[in-house]
Amino acid sequence: MRHELRQVRAFLKVAELESFTRAAAELHVSQSALTVQVKQLEDELGILLFDRNKRGVSITGAGRDLMGPLRQLVLDSDAIIGHARDISAVRTGAITVAALPSIAADLLPRAMRAFLRTNPEIRITIHDVVADRVRELVAARAVDFGLGTATRQDRDIRASSLYEDYLAAFVPAAHRLAKQSEVSLRELAECDLILPNRESSVRRLAESALTRSRIAARVKHETNFMPTAMAMVRRGLGVAILPESAGDEKRDEIVRIPIRKPALSRQISLLQRADRALSPAAERFAQALRLEISPKPRVR
């Protein structure tokens, strides 16, 4: 592309100055090199662009007809190259991310704030969806990358492990379990449980653990969104099992209690198409996400 543009620029400069000698001087090339470039363009187009004689050079009718389109070609090419450099330098662009609701409500906003301080012109769109939908959007190339669980082998998706996400119990401050430092699944099974819907990886993880432990539980309420589950807990409607990041410990009227015997966790990974490289902006945002994942110890 650069080679062809050099030929076009050579033609336009000769046409402007009506002189190979002066055009070569302004373009900082030898006159012979400039002559070759113009000749190559003429051969490629199959027309004569200049009439050459002892008195000098003059543009042909065909060359005059092509000046406008070729000048626009150079302007468009310069704009494309400039835009590409802005993208490479993360001065412009857009990023689309699919993420589990717990990540979209906590980690992502923190990472966005840090990232946008140095990349303010980047537009970020978040799809907060359940785990299966995260993988679907990544596989369909509908997002740059996803933040979710990689629960099955998929040759089309590359998963990079980010952190271990533990589940906790969220209970009303007046609940009998609220003063405990930890809680078991068997103790939770005695409560009215509030769980995400069956499409949620949290729901599947909790029910799988209950089944393995041969514990029968009462799922009293279920909901699509964690804020709704937390509002139910706040009103004393039951005990919610959610990711630890769903709420701060002892905030408002809710107490977060780590679940033990057994501990419940899921591996959170960055998911991307195996055959697709991240854009410079998406790669830099992924780095910001990794930096935002602090190595804080779990609450014990």
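What follows is calculated from the coordinates using simple rules that are stated; it is not laboratory data. If you're wondering where the values come from, they're calculated on a predicted model, not measured in any experiment. Here the Cβ positions follow ideal geometry from the backbone for every residue, glycine too, while neighbour counts run over all protein chains shown.
Tabulated results
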| read-out | value |
| --- | --- |
| Ellipticity estimate at 222 nm from DSSP helix runs (n ≥ 4, -39,500 (n - 2.57)) divided over the chain, nearest 500 | -13500 deg cm²/dmol |
| Among 113-126, 197-210, the order from most to least packed when residues are scored by Cβ within 10 Å on average | 197-210, 113-126 |
| Counted charge near residue 114, where neighbours are those whose Cβ lies closer than 13 Å (Asp, Glu -1; Lys, Arg +1) | +4 |
| Principal semi-axes in Å for the chain [√(5λ), Cα gyration tensor, largest first] | 66, 17, 14 |
| Those residues of segment 254-280 whose amide nitrogen sits under 19 Å from the label point placed on residue 155, 7 Å along Cα→Cβ | 272-277 |
| Among 262-269, 22-29, 236-243, the order from most to least packed when residues are scored by Cβ within 10 Å on average | 236-243, 262-269, 22-29 |
| Set of aspartates and glutamates with alpha-carbon distance to residue 261 below 13 Å, sequence-local pairs under 8 removed | 182, 187 |
| Relative frequency of Cα-Cα separations exceeding 22 Å in segment 99-174, percent | 34 percent |
| Geometric extent, Cα atoms of segment 2-88 - Rg, Dmax (angstrom) | 13.6, 49 |
| Residue-wise HN-Hα coupling along segment 270-279, computed from phi with Karplus coefficients 6.51, -1.76, 1.60 (Hz; x: Gly, Pro) | 8, 10, 9, 4, 5, 9, 9, 7, 6, 5 |
| Enclosed volume per residue, in Å³, of the convex hull spanned by Cα atoms of segment 166-264 | 80 Å³ |
